[in-house]
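S.K.: Dropping a structure here in structure tokens format, bear with me for questions.
The values are calculated or read from the model by the stated rules, or taken from the named source; none is laboratory data. The structure displayed is predicted, hence computed values, not measured ones. As a convention, Cβ positions derive from the backbone with ideal geometry for all residues, glycine included, and neighbour counts pool all protein chains shown.
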Amino acid sequence: MGLDKTKIAEQFIEAIPHSQALGMELTEIGEGIAEIAMDYDDRFVGDPETGVIHGGAVSALMDTCCGAAAMSHPDNPGATATIDLRIDYMRPATPGQRIRAQAECYHITRSVAFVRARAIDDDPDRPVATATGTFTVEAAQ
Amino acid sequence: MTRRQPDPVQVVKQRRDAALNALVHGVPYIQFLGIGFDRRGDELTALMPFDEKLIGNPLLPALHGGATAAFLEVTAIIGLSWSILWDEIESGALDPEALAGGQMPRLPKTIGFTVDYLRSGLPRDAYARAHVARSGRRYASVHVEAWQDNRARPFAQATGHFLMPRRDG
């Protein structure tokens, strides 16, 4: 991916109000790949008894990261929207730890980008969640 | 034969609302997103009032897919928990004051959740209802639909599978 497009993708993601509200940080972006991190925050807790982050916050992280991977693919001319997204939760994220989502756009057609992702905390060998999704591809001019 | 007198309507309502309130207010992320629930009998409608921080595409503008997914998942979990707890709320076995004091019942855990985005989420209030398709001892399957201005034009739907909380004793 060209430097310009990387820059644009970075700015675009950092300008998303919901991603900002969740404190997401783009840590890597390349040709069809992206990594976004989200710090632990008491406000995002889904189970007050254990302090585990809500699945919805992990979904938001996965969706943003998958969208970034779809957008950064060289064959994608521009913006994207989620068509569907499936998330499987393997285990609760460890309270207090940062969550990182890593996404890869593994196939793209003129209309659809196919993306898969995983979310990890400090123990990368045991993923917290995996996701697969499809995203729109902007019609070529 | 004597029949037990039904509880006065305000007692019944108070008990149901207190239980729902405790369930919803005990979860920080539900508060963060500003989600509330409207109750009519046992039917719940989730409400997510529009807020700038829910925006995912500032140019359109449109709601963030992640905010929509979270809204659907919250609706599914609360809807499922509510259906599990209903009998205990009605019988009075569940003490709403203990709930409000932080003694939350264990919530179902999400196994998998699939969201379909049908239309762009507009910068307006959103509503959702959950339907428990199957509720077993260990697993449950829940379908959720979310809409904005028109009930007949949902902007997102989801199906999730959940691991039921252990009910000891």
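S.K.: Conditions: (1) assigned to a helix (DSSP H, G or I); (2) at pLDDT 95 or above. B:Phe50 meets all but one. Number of the miss?
M.R.: Condition (1) is where B:Phe50 drops out.
S.K.: State yes or no: is B:Thr2 away from chain A (no Cβ under 11 Å), assigned to a loop (DSSP other than H, G, I, E, B), among the β-branched types (Val, Ile, Thr) and on the phi < 0 side of the Ramachandran plot?
M.R.: Values: away from chain A (no Cβ under 11 Å): yes; assigned to a loop (DSSP other than H, G, I, E, B): yes; among the β-branched types (Val, Ile, Thr): yes; on the phi < 0 side of the Ramachandran plot: yes.
The answer is yes for B:Thr2.
S.K.: Taking the residues in the range B:58-76 that are out of contact with any Gly (no Cβ under 9 Å at 6 or more places or on another chain) and among the hydrophobic types (A, V, I, L, M, F, W, C) as candidates, determine which candidate is surrounded by the most Cβ atoms within 10 Å (Cβ to Cβ). Break it down stepwise before answering.
M.R.: Taking the range B:58-76 first, the residues out of contact with any Gly (no Cβ under 9 Å at 6 or more places or on another chain) are B:58-61, B:75.
Retained after the next criterion (residues that are among the hydrophobic types (A, V, I, L, M, F, W, C)): B:59-60.
Values: B:Leu59: 9, B:Leu60: 14.
Selected residue: B:Leu60.
S.K.: Picking from A:Asp47, A:Asp42, which residue would you name as being at pLDDT 95 or above and acidic (Asp, Glu)?
M.R.: Working: A:Asp47 fails: at pLDDT 95 or above.
Sole residue among the options that is at pLDDT 95 or above and acidic (Asp, Glu): A:Asp42.
S.K.: Take the residues in the range B:27-57 that are of a type in the set (Gly, Ala, Ser) and buried (at least 20 other Cβ atoms within 10 Å of the Cβ); name whichever of them is nearest to A:Phe12 (Cα to Cα). First the steps, then the outcome.
M.R.: In the first step, residues of the range B:27-57 are kept if they are of a type in the set (Gly, Ala, Ser); the result is B:34, B:36, B:41, B:46, B:56.
Keeping just the survivors that are buried (at least 20 other Cβ atoms within 10 Å of the Cβ) gives B:46, B:56.
Numbers: B:Ala46: 31, B:Gly56: 10 Å.
In this case the residue turns out to be B:Gly56.
S.K.: Which of the residues spanning the range B:98-131 are under 27 Å from A:Gly51 (Cα atoms), within 11 Å of another protein chain (Cβ to nearest Cβ) and not in a loop (DSSP other than H, G, I, E, B)?
M.R.: Residues satisfying the conditions are B:Lys109, B:Thr110, B:Ile111, B:Gly112, B:Phe113, B:Thr114, B:Val115.
S.K.: Which residues, counting only those in the range A:100-119, are surrounded by fewer than 20 Cβ atoms within 10 Å (Cβ to Cβ) and among the β-branched types (Val, Ile, Thr)?
M.R.: Across the range A:100-119, the qualifying residues are A:Ile108, A:Thr109, A:Val112.
S.K.: Taking the options B:Ala146, B:Ala140, name whichever one is touching a Phe, Trp or Tyr at 6+ places or on another chain (Cβ under 9 Å) and within 30 Å of A:Phe12 (Cα to Cα).
M.R.: When all the criteria are applied, what remains is B:Ala146.
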